[in-house]
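What follows is a set of notes on a single structure, which appears directly below.
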Amino acid sequence: MMEDSVQSSASVELTIDVRFGDTDPYGVIYCASYFRYCHHGIEEFLKGHGLAPHQVFRNREEGFGLPIVSAACEFLKPVWYGEQMLLTVSILSMKAKAITFGFQFHRQDRSETVATGQATMVAIGSDWRARNLPERIRDALSRGQTFTVD
């Protein structure tokens, strides 16, 4: 059983436009919106590594999926409707059966961190039991490249 942890230096940076529908009645980003931004960041991270998200989250042909089993976010500063943020997504750890993504939200000018978070995905088989990550996914995500999505 392989339980090693692989670190990846790769990251993706995305610009997030705060839309009215992302905010609470006071115009501050609603907490659940951050999780949607994080998921979007994971999708862009996968695409940047040559992986189609719909074939990674649930792949019927290969009989596996990668559901999120844990997610957390710490909100440090309010961000308002109409502002832009920079989201950096990276892999915090990759084990035999799980990947943990890290998220850093900054003001567009990088002057301060406004939120941080992480999400862990576990590989499962069609029987819903944990299984090893497919080797092609491990290989693709281990490539250390950094890129920006506009």
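Summary of computed values
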{"item": "Of residues in the stretch 101-112 being buried (at least 16 other Cβ atoms within 10 Å of the Cβ) and not small (Gly, Ala, Ser), the one nearest to LEU141 (Cα to Cα)", "result": "PHE101"}
{"item": "Count of residues meeting criterion [without any contact (Cβ under 8 Å) to a residue 60 or more places away in the chain and of a type outside the set (D, E, K, R)] in the stretch 122-132", "result": "4"}
{"item": "Selected residue (criterion: nearest to ILE137 (Cα to Cα)) from residues of the stretch 77-90 that are among the hydrophobic types (A, V, I, L, M, F, W, C) and surrounded by 12 or more Cβ atoms within 10 Å (Cβ to Cβ)", "result": "VAL89"}
{"item": "Residue that is farthest from the chain's Cα centre (by Cα), among those in the stretch 103-126 that are over 19 Å from CYS73 (Cα atoms) and modelled with pLDDT of 95 or more", "result": "GLY125"}
{"item": "Matching residues in the stretch 20-45 - criterion: being farther than 13 Å from PHE103 by Cβ, in contact (Cβ under 8 Å) with a residue 12 or more places away in the chain and in a helix (DSSP H, G or I)", "result": "PHE20, ASP22, CYS31"}
{"item": "Scope the stretch 58-72; condition crowded, with 18+ Cβ neighbours inside 10 Å and of a type in the set (A, V, I, L, M, F, W, C); matching residues", "result": "PHE64, LEU66"}
{"item": "Which listed residue, of THR23, THR15, is in contact with a Leu (Cβ under 9 Å, 6 or more places away or on another chain) and over 16 Å from MET121 (Cβ atoms)", "result": "THR15"}
{"item": "Cβ pairs under 9 Å, 6+ apart, first in the stretch 67-86 and assigned to a strand (DSSP E or B), second of a type in the set (Asp, Glu)", "result": "GLN84/ASP17; MET85/ASP17; LEU86/GLU13; LEU86/ASP109"}
{"item": "Residue, nearest to the chain's Cα centre (by Cα), within the stretch 11-40, restricted to residues that are hydroxyl-bearing (Ser, Thr, Tyr) and under 17 Å from ILE91 (Cα atoms)", "result": "TYR37"}
{"item": "Residues satisfying the stated conditions in the stretch 41-52, i.e. under 13 Å from the mean Cα position of the chain (by Cα) and either surrounded by fewer than 16 Cβ atoms within 10 Å (Cβ to Cβ) or acidic (Asp, Glu) (or both)", "result": "GLU43, GLU44, LYS47"}
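The values are calculated or read from the model by the stated rules, or taken from the named source; none is laboratory data. Since the model is a prediction, treat every value here as computed from it, not as a measurement. Please note: Cβ atoms are built from the backbone with ideal geometry, for glycine as well, and neighbour counts cover all protein chains shown.
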